[in-house]
2 protein chains.
Amino acid sequence: MSQQRPGGQSGQPGAVPALPDLPEATVARLPEYLRALHNQAEAGHDTVSSEGLASAAGVNSAKLRKDLSHLGSYGTRGVGYDVALLIEQIEYVLGLTQRRAVALVGVGNLGHALAGYAGFATRGFRIAALFDADPSRVGERINGLVVRHIEDLTEIAAAESIAIGVIATPAGAAQSVADQLVAAGVTSILNFAPCVLSVPEGVDVRKVDLAIELQILSFHEHRKASLTSLPATGPAGGLTALPGGLSATGTEEAVGT
Amino acid sequence: MSQQRPGGQSGQPGAVPALPDLPEATVARLPEYLRALHNQAEAGHDTVSSEGLASAAGVNSAKLRKDLSHLGSYGTRGVGYDVALLIEQIEYVLGLTQRRAVALVGVGNLGHALAGYAGFATRGFRIAALFDADPSRVGERINGLVVRHIEDLTEIAAAESIAIGVIATPAGAAQSVADQLVAAGVTSILNFAPCVLSVPEGVDVRKVDLAIELQILSFHEHRKASLTSLPATGPAGGLTALPGGLSATGTEEAVGT
């Protein structure tokens, strides 16, 4: 059996089989595969080749096959992967079969945007509570939820079984909020504040830095400018323009770097 | 000379030397190194070891040395890297020595948050124009900029030398906005809309999907739950809990996967 259904214990609450210790880079790619698979399913495809799925997810197919082999999914030669089954396997591994309750702290513009982000609800998450430290924000209703004061965090986190905290506060407040989330038993934090958080072992933090994406695009703009300006200026600094490869989206990640 | 100053032609407008064709994964890590280096500089450090810089940026030091070798930076044995020089080199390669003009399309909650994101201005970008298709939004002033109608995009993109377009519209409008950006000469797009964009060759698109970060955290929540529930349920599916390694933030990316 090339694609085993996961666990088979979904009917037993609390009976969660241990998960393999996947490489972090594989974990980071699983959501991309999942999104590509949902697109395949919506387009009416029952199976997908590793090449087709890899292309849709923007990775090379050898990497995709290696990633999925960690889940015990090898596909069927000449047929490919069963789309519905692979969705089920990835959702199981990512823990998306239960809707996780998320607490969002900081309801400025970014917090408002996140509270209303339809992508969360459709991808296995439920914004269960909103918090702010500003008394003038407390009581405001956003997408059906009332903003609570950060002082109520511990009580509400327990009542709502909050698993994940999202920090959308200014940088100066973020560490204090992280401390309060950890004290309330939250063990996963998504940090949008532009600062590094210090948390105890066993707490996972992921940082979203919106400027980093722009800096990566800036490299490609810079590179395109350097190539197109060559005829006028000639090669400089001993570097010569490399042929082709202008488009970065098709560039494969270097293996082993 | 282990760290060469880049180009040396910054005084000559238009004279941009060709850049090396860096692996995409290296390009994606350069902003992380840059942020860590700025922290080192702010802390008053003139030099940093490859281990220290790697740790601050969350990668292993072999990968960091390989990445920086692409820039011609090898550091000095026993001393490390010159912080100021390495900042200059990375900013040069990323094209951050000129402030790139960014057009932001869609001024809903997310657009508002992005327009006010201080991280852009301090990292080499200038939000030069805001657009929306909703007439009731046009004319609104956000952070000193007046929202313009999307119909004015071509004219303003030329006047402001817009290099990068940021799409913060609903998914349904994103492809049309991308087409208009491309028609206006924009060759780099950062897409926050939850959809895949189709663009001509030579146009770079990066997609930010806020739910993917939550899904990665969900894996770690799921994994922690599976480990802590083991004493009650016993090993299942032939998998055994692996010792330690609960914290993902310390997990190194697997090399070669």
Completion exercise
Once both label points are put 7 Å beyond Cα along the C-beta direction, the A:S55-B:A183 separation in nm becomes 2.8
Practice task
Check cross-link reach from A:K224 to the lysines: straight Cα distance under 25 Å, and skip same-chain residues fewer than eight apart.
Solution key: B:K66, B:K207
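Size of the dipole of the range B:100-210 about the Cα centre, Lys and Arg at +1 and Asp and Glu at -1 on the beta carbon, nothing else charged, in debye to 20? Mind showing how you got there, number by number?
Working: 8 positive and 11 negative charges, 87 e Å.
Approximately 420 debye in magnitude.
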Handout entry: Probe 1.4 Å, accessible area per residue of the range A:24-93, Å²
Key = 42
Fill in the blank from the handout: Heavy-atom accessible area of the range B:24-93 with neighbours in place, 1.4 angstrom probe: carbon+sulfur share in percent works out to 49
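So, R0 is 22 Å and r is the distance between the beta-carbons of B:E201 and B:S176; what FRET efficiency does that work out to, to 0.05?
Values: r = 20 Å, r/R0 = 0.90.
Here the calculated transfer efficiency is 0.65.
In what order, largest first, do A:E51, B:E221, A:E88, B:E91 sit by accessible area if the probe radius is 1.4 Å? Provide the component values of the computation, followed by the final result.
Details: A:E51 105, B:E221 20, A:E88 75, B:E91 50 Å².
Correct descending sequence by accessible area is A:E51, A:E88, B:E91, B:E221.
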Exercise for the section: Whenever you get a sec, compute what percent of the accessible area on the range A:100-210 sits on carbon and sulfur atoms (1.4 Å probe). Expected result: 52
Practice task
Describe numerically, in nm with one decimal, the distance between label points set 7 Å from Cα along Cα→Cβ at A:T122 and at B:Q98.
Solution key: 3.9
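What quantity of accessible surface, computed with a 1.4 Å probe and excluding non-protein components, is buried in total between chains A and B, in Å² to the nearest 100? Mind showing how you got there, number by number?
On the way: alone 15500 and 15500 Å², together 22380 Å².
Summed over both sides, the interface buries about 8600 Å².
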Practice task
Taking the dipole about the Cα centre of the range A:100-210, with the C-beta of Lys and Arg at +1 and of Asp and Glu at -1, give me whichever of A:L110, A:L181, A:G139 is farthest to the positive side.
Solution key: A:L110
Handout entry: Nearest-first distances (nm) between copies at B:T97, label 7 Å from Cα via Cβ
Key = 5.5
Practice task
Could you pull the copy-to-copy label distances for B:V146, with points set 7 Å along Cα to Cβ, in nm to one decimal and sorted shortest first?
Solution key: 4.2
Problem - 5 angstrom amide H check on B:V196, placed H, neighbours 5+ away - result: none
Practice task
Check each of the trypsin sites (Lys or Arg not before Pro) in the range A:56-151 and keep only those in coil by DSSP with at most 16 other C-beta atoms within 10 angstrom; list them in order.
Solution key: A:R77, A:R99
Completion exercise
Inter-copy distances for B:S49, nm, shortest first, label points 7 Å along Cα→Cβ, are 5.0
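The values are calculated or read from the model by the stated rules, or taken from the named source; none is laboratory data. Predicted model only: the values in this text are computed from it and were never measured. Backbone-built Cβ (ideal geometry, glycine too); neighbour counts: all protein chains shown. For accessibility, only protein heavy atoms count, side chains too; no ligands or nucleic acids. Shrake-Rupley method; radii C 1.70, N 1.55, O 1.52, S 1.80 Å.
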